[in-house]
Amino acid sequence: MPEESIGFLNVKAAGMYIDATLGGGGHSLKILNKGGRVLGIDVDQEALDEAKKTFEIQNSNFKIGKEIVLAKGNFRNIATIAEEYGFKNVAGIIFDLGVSSHQIDDPNRGFSFSKEGPLDMRMDSNLSVTAKDLVNGLHRNELIEIFSRFGEERFAHGIATEIVKVRKDNTIKTTKQLIEIIESVMPAKLNRTAAAARIFQSLRIIVNDELHSLEEALPAACSLLQSKGRLVVISFHSLEDRIVKHLFSDFERKSLGVVITHQPVLATEVEISANVRSRSAKLRAFEKK
Ligand SMILES: C[S@@+](CC[C@H](N)C(=O)[O-])C[C@H]1O[C@@H](n2cnc3c(N)ncnc32)[C@H](O)[C@@H]1O
């Protein structure tokens, strides 16, 4: 829902905006096309390299360092990053959470459960713990906890038990090995792909500490906004959406501004048929007092 999200940002020419999840630069480009100046942040060096190419080659009318500034960092440090690049009293900040299509499409990143690759799942290659470390190193009960809480997976016990059994003989190194374990536990009549998606999601959340990063980032982002500045968040699962909803209500209770989406905005059928990932997208927006 790129058009809708940019619509909620209410971009004004010469306004300063932060794209906290730069990815392929699609949102940043839309802001630039409306005359805004952008600080694009991503924790993934590959995303920054790709975005650099996008702006240098395909959209060279926007100069890096001038109309668009690219910064490597975790959005949990948005206050420090914004200060470093002189972005204060900004007119809007957008978070488009989760993994990019670039990350999913590259089997070497280990995010995809439809392609074989190493069990990695780090968005930031400087992180020291991978999904492989979790799957092979955690106690069975810790795996159950992760699969149940962060994947909301009802076969968490069975899958964790099978992982512990398999890893006694062989280290579980690839996405395919993990999928085979999940499939061996799940009854054939149930949707095994959905279960794999939930297990992968839960591991990804832990590897990248995604929920804590979001909890730290949103209050900091709210503080960076000027009066009438907008905060727009697109989330892809209920755990993220719950955090956004609660923090936005909290900002409202503290009289920091108003929530402008009383219900989350969902993708239309047309968008879903063009991009299946948008099926679970929920957009919420907040306006500073
Ligand atoms: C869904 S993609 C964004 C796509 C982007 N809106 C576009 O138009 O191409 C999410 C991006 O956010 C990045 N990301 C996720 N969590 C992050 C974090 N805590 N800090 C900074 N970047 C993060 C990912 O590396 C990924 O590139």
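Longer than 20 Å from Cα to Cα, which of 72/115; 115/189; 132/165; 30/52; 34/63; 12/288 are they? Say none if no pair is.
72/115; 115/189
Residue-wise, which Karplus ³J(HN,Hα) couplings in Hz belong to segment 140-153, taking 6.51 cos²θ - 1.76 cosθ + 1.60, θ = phi - 60°, and x for glycine or proline?
3, 5, 5, 5, 4, 4, 5, 5, 6, 6, 9, x, 6, 9
As a check on your grasp of the helix formula, calculate [θ] at 222 nm for the chain: sum -39500 (n - 2.57) over DSSP H runs of n ≥ 4, divide by the residue count, round to the nearest 500.
Calculated mean residue ellipticity at 222 nm is -13500 deg cm²/dmol.
If I take R0 = 45 Å and measure r between the Cβ atoms of residue 152 and residue 60 in this structure, what FRET efficiency does the formula 1/(1 + (r/R0)^6) give, to the nearest 0.05?
Efficiency, rounded to the nearest 0.05: 0.50.
How about segment 1-47: which trypsin sites (Lys or Arg not before Pro) there are in a DSSP loop, with at most 16 other Cβ atoms within 10 Å of their Cβ?
Sparse-neighbourhood loop trypsin sites (Lys or Arg not before Pro): 12, 34.
As I understand it, the value is the acute angle between the Cα axis of helix 210-224 and the longest principal axis of the Cα atoms of the chain; what does it come to in degrees, rounded to 10?
Tilt relative to the chain: about 10 degrees.
Using only Cα atoms, tell me the angle between helix 192-207 and the longest principal axis of the chain; keep it within 0 to 90° and round to the nearest 10.
60
Using modelled amide H (1.01 Å from N, peptide plane; none on Pro or chain starts), what sits under 5 Å from the amide H of residue 93, excluding residues fewer than 5 places away?
18, 230, 231, 232
For residue 176, which aspartates and glutamates qualify as cross-link partners when the Cα separation must be under 13 Å and same-chain residues fewer than eight apart are set aside?
Cross-link targets: 116, 120.
Hey, in the GNM for the chain with a 10 angstrom Cα cutoff, which one of 84, 216, 183 fluctuates hardest?
84
Using a 7 Å offset from the Cα along the Cα-to-Cβ direction at both residue 227 and residue 246, what is the distance between the two label points in nm, to one decimal?
3.2
Under 10 Å, Cα contacts only: if you run a Gaussian network model on the chain, which one of 115, 165, 189 comes out with the highest mean-square fluctuation?
189
When Lys and Arg each count +1 and Asp and Glu each count -1, what net charge do the other residues less than 12 Å away from residue 265, Cβ to Cβ, add up to?
-2
Using mean Cβ contacts within 10 Å as the protection proxy, how do 124-133, 204-213, 225-234 order, highest first?
Taking the mean over residues of other Cβ atoms within 10 Å, the ranking is 225-234, 204-213, 124-133.
Using the Kirkwood radius over Cα pairs, work out the Stokes-Einstein diffusion coefficient for the chain at 10 °C and 1.306 mPa s, in µm²/s as a whole number.
Estimated diffusion coefficient is 80 µm²/s.
Calculate, in nm to one decimal, what residue 126 and residue 263 gain on full extension: separation in residues at 0.36 nm each, minus their alpha carbon distance.
45.6 nm
Between beta-carbons, use under 14 Å as the cut-off and find the net charge around residue 54, counting Lys and Arg +1, Asp and Glu -1.
Residues near residue 54 contribute -3 overall.
May I ask for the net charge around residue 70, where only other residues with Cβ less than 9 Å from the Cβ of residue 70 are counted and Lys, Arg are +1 while Asp, Glu are -1?
+1
Hey, which aspartates and glutamates would be in cross-link range of residue 289, C-alpha to C-alpha under 12 Å, not counting anything within fewer than 8 residues on its own chain?
Residue 289 reaches 252.
Note the angle between two axes, namely the Cα long axis of helix 175-185 and the longest principal axis of the Cα atoms of the chain, as a number of degrees from 0 to 90, rounded to the nearest 10.
Once rounded, the angle reads 60 degrees.
For residue 174, list long-range residues whose amide hydrogen, built 1.01 Å from N in the peptide plane, is under 5 Å from its own amide hydrogen.
119
Once you have the Cα-Cα distance between residue 209 and residue 140, take 0.36 nm times their residue separation minus that, and quote the gain in nm to one decimal.
Going from the current span to full extension adds 22.8 nm.
In whole angstrom, note down how far apart the Cα centers of segment 37-76 and segment 131-163 are.
For segment 37-76 versus segment 131-163, the Cα centre distance is 36 Å.
Each reported figure results from applying straightforward, stated rules to the coordinates on display, with no laboratory input. Given the structure is predicted, the values throughout are model-derived calculations rather than measurements. Ideal geometry is used to build each Cβ from the backbone, glycine not excepted, and the neighbour counts take in all protein chains shown.
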